[in-house]
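What follows is a single structure, written as structure tokens, with notes after it.
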Amino acid sequence: MSKEATFMSCGERHRLSRDRPHVMGILNVTPDSFSDGGKHALGDAALRRAAEMLREGADIIDVGGESTRPGATPVGVQQELDRVVPIVERLTHELGALVSVDTSSPEVMTAITKAGAGMINDVRSLRRPGALEAAAASGLPVCLMHMVGEPDNMQNDPRYERPIEEEVAVFLEQKIARCRGAGMDGDRLLVDPGFGFAKTLAHNLRLMNRLEYLQHLGYPLLVGTSRKGMIGRTLSREVDERLYGGLALTTLAVSKGAWIIRTHDVAASADAVGMTSAVLKEGK
Ligand code: 9MG
């Protein structure tokens, strides 16, 4: 008898198979992301880039209106709404894309749900006041990520008492319990170790080497290492020279159980994910 495929529902129109890994393409809609300027120009350029990522093999487009890079300053809620909501509407209606939104603001979570988004990606794990309630009410899957502090201070000498993989697991268990306590079904939750968030290079390397440890949590794993400092520092590479190092991390992550790979480099990552997955399944 053949094994039944299982899925994660992502809003009303989309679902993701749990039986194979997926690629999430990064679409930043901060003003510096698309250099041709102007509100519509930004929207059109973002739409073109998203369409390209879908052609290249992206299963999900992750839209972000606030930079979460180390040292980044937060944006206001209205500014984030103005940046993100029109793009989400266009991606869902014009391209039929499965859109996740990288946000920590409850107002944005509510608005993007109405606009047709299929997933919430919160690097702050619903820590902001009202975020837990907004995410629970949205009915959407939510990615919970390990980060201590805020992007503007998280890299100030991060230290942990336990080995990093245990620290991350305990943190995520607490966030999962909080979500379940708010009535969210477990099948709506994803977890993410948060590479580059409140971690030293040694933490990041150890965490990738022991990524399979997080499988005992029993939730699908999202991993984002694309163009991150752990590649730059290990290989002495500038941001635009980190593709090959990133593909090595993608391959490792999928072989250790990652279900979603978040990346800027969709075409190359889709091949790495597809090839690694085929080997793991021995072509089945
Ligand atoms: C928004 N963002 C930047 N890096 C990320 C990562 O590693 N994971 C997730 N879930 N989001 C991220």
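A few notes on this one:
- Residue match in region 162-175 (condition: touching a Leu at 6+ places or on another chain (Cβ under 6 Å), open to solvent by less than 10 Å² (accessible area, probe 1.4 Å), closer than 26 Å to Ala46 by Cβ and not in a loop (DSSP other than H, G, I, E, B)): no
- For Leu144, the conditions (1) part of a strand (DSSP E or B); (2) more than 14 Å from the ligand (Cβ to nearest atom); (3) among the hydrophobic types (A, V, I, L, M, F, W, C) all hold with the exception of (2).
- Listed by first and then second residue, the pairs linking a residue in region 184-201 that is closer than 15 Å to Asn121 by Cβ and away from the ligand (no atom under 12 Å from the Cβ) to a residue that is open to solvent by 10 Å² or more (accessible area, probe 1.4 Å) and part of a loop (DSSP other than H, G, I, E, B), with Cβ atoms under 7 Å apart and 6 or more places separating them unless they lie on different chains, are Leu189/Tyr219.
- Pair list, Cβ < 6 Å and 6+ apart or interchain, from region 224-245 residues that are more than 15 Å from Ala202 (Cα to Cα) to residues that are within 14 Å of the ligand (Cβ to nearest atom) and hydroxyl-bearing (Ser, Thr, Tyr): Ser226/Thr263
- Of Leu205, Leu252, Leu222, all but one fail to be open to solvent by less than 10 Å² (accessible area, probe 1.4 Å) and not in a loop (DSSP other than H, G, I, E, B); the exception is Leu222.
- So Val239, is it at pLDDT 95 or above, in contact with a strand residue (DSSP E or B) (Cβ under 9 Å, 6 or more places away or on another chain) and farther than 22 Å from Tyr219 by Cα: no
- Matching entry among Pro129, Pro86 (being open to solvent by 10 Å² or more (accessible area, probe 1.4 Å), in contact with a Pro (Cβ under 8 Å, 6 or more places away or on another chain) and either more than 24 Å from Gly196 (Cα to Cα) or assigned to a helix (DSSP H, G or I) (or both)): Pro129
- Any chance Gly118 is over 21 Å from Leu172 (Cβ atoms), open to solvent by 10 Å² or more (accessible area, probe 1.4 Å) and in contact with a Lys or Arg (Cβ under 9 Å, 6 or more places away or on another chain): no
- Selection status of Leu247, touching a Phe, Trp or Tyr at 6+ places or on another chain (Cβ under 9 Å) and of a type in the set (A, V, I, L, M, F, W, C): no
The values are calculated or read from the model by the stated rules, or taken from the named source; none is laboratory data. None of the values given here were measured: they were computed from a predicted structure. Positions of Cβ are backbone-derived with ideal geometry, glycine not excepted, and every protein chain shown enters the neighbour counts. Keep in mind that these areas ignore ligands, DNA and RNA; they rest on the heavy atoms of the full protein, side chains included. Shrake-Rupley method; radii C 1.70, N 1.55, O 1.52, S 1.80 Å.
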